[in-house]
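All of the numbers you see were taken from the coordinates with simple rules; none came from a lab. Quick caveat, the model's predicted, so the values are computed rather than measured. Here Cβ is always computed from backbone atoms with ideal geometry, including for glycine, and neighbour counts include all displayed protein chains.
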Amino acid sequence: MYRVYGMASSGNCYKVYLTLTQLGHAFEWVETNIMKGTTRTPEFLAMNPNGKVPTLEIEPGKFLPESNAILYYLAEGTPLLPADRFQRAQAMQWLFYEQYSHEPYVAVARFIIHFLGNPPERKADLEMRLKRGYQALDVMEQHLSSKEFFVADRYTIADIALYAYTHVAETGGFDLRDYPRVKNWLARVQAQPGYVAMGR
Ligand SMILES: N[C@@H](CCC(=O)N[C@@H](CS)C(=O)NCC(=O)O)C(=O)O
């Protein structure tokens, strides 16, 4: 059985939780609170030297960190990952986009507000994250002007990766009023079979 080291309120961890649930896998969830230093213990660093959740234990002693790598691994051979070569590459395109152009801004703005309590010394940092986060949301809004989903005209791991932090963007100080297509897409994701909400 898969074991996930994750924190329920983390979007990166939620991606894995949602994917495992929608694929119908049994799994064990080991709640790992990053605010208590749990990811920096020698035991945890032996599983993931980068000291971050989520980390998937595929079988005893076989570990896979990085949320989007985990999604890719789990989705292989399922409808969540297209078989077509170009569409697979497009799925990767959005997974990399999420990690480089979206998560560092949309997720970290939420971290500053929701987890750190919006401390004044992070004000300039937060403003930068909001500006870049809106740029990321603009790209999504534009893509969704002609598409229902991000790749292959159906729900895939590209949607799961992007959904995780976009659907809680408002808790990071983003206003989604000017993003109607993003909001409609969020509703489409929530309507997928086996959808489960994120822990807070
Ligand atoms: N690129 C990684 C990012 C993972 C990440 O940043 N995890 C955070 C929680 S959302 C964490 O474990 N932070 C603990 C730390 O850095 O000590 C992924 O997508 O899995």
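Efficiency by 1/(1 + (r/R0)^6): what FRET value for E28 and Q192, r their Cβ-Cβ distance, R0 = 25 Å, to the nearest 0.05?
Working: r = 24 Å, r/R0 = 0.95.
Using R0 = 25 Å, I get an efficiency of 0.60.
Based on the Cβ-Cβ distance of R3 and E76, what FRET efficiency does E = 1/(1 + (r/R0)^6) give at R0 = 25 Å, to the nearest 0.05?
Between R3 and E76 the formula returns 0.85.
FRET efficiency for A46 and H114, Cβ-Cβ distance as r, R0 = 35 Å, nearest 0.05? Let's see the in-between values first.
Working: r = 30 Å, r/R0 = 0.85.
Efficiency computed from Cβ-Cβ geometry: 0.70.
Would you compute, from DSSP H runs of 4+ residues alone, the mean residue ellipticity of the chain at 222 nm, taking -39500 (n - 2.57) per run and dividing by the full residue count, rounded to the nearest 500? Please report the intermediate quantities before stating the final value.
On the way: 7 runs with 82 residues, N = 200.
Rounded to the nearest 500, the figure is -12500 deg cm²/dmol.
Can you list residues from other chains, or at least 5 along the same chain, whose modelled amide H is less than 5 Å from the amide H of Y2?
E28
Which ³J(HN,Hα) values, rounded to whole Hz and listed in residue order, are derived for the range 60-75 from phi using the Karplus coefficients 6.51, -1.76 and 1.60 in 6.51 cos²θ - 1.76 cosθ + 1.60 with θ = phi - 60°, glycine and proline given as x?
x, x, 10, 10, 9, x, 6, 3, 6, 5, 5, 4, 4, 4, 5, 7
Based on the Kirkwood radius over alpha-carbon pairs, what is the Stokes-Einstein translational diffusion coefficient of the chain at 10 °C with 1.306 mPa s viscosity, in µm²/s?
Details: Rh = 17.3 Å.
In µm²/s, the coefficient is 92.
In whole Hz and in residue order, list the ³J(HN,Hα) couplings for the range 89-101 that follow from phi through the Karplus curve 6.51 cos²θ - 1.76 cosθ + 1.60, θ = phi - 60°; x for Gly and Pro.
So the J values, rounded to whole Hz, are 5, 5, 4, 4, 3, 6, 5, 5, 4, 4, 6, 9, 10.
Taking 0.36 nm per intervening residue step and subtracting the Cα-Cα distance, what contour gain separates D84 from D178 on full extension? List each step's numbers first, then the result.
On the way: separation 94, 0.36 × 94 = 33.84 nm, distance 3.37 nm.
Taking 0.36 nm per residue and subtracting the Cα distance, the gain is 30.5 nm.
Quick one: among G133, G51, G117, which has the greatest mean-square fluctuation in a GNM of the chain with alpha-carbon springs under 10 angstrom?
G117
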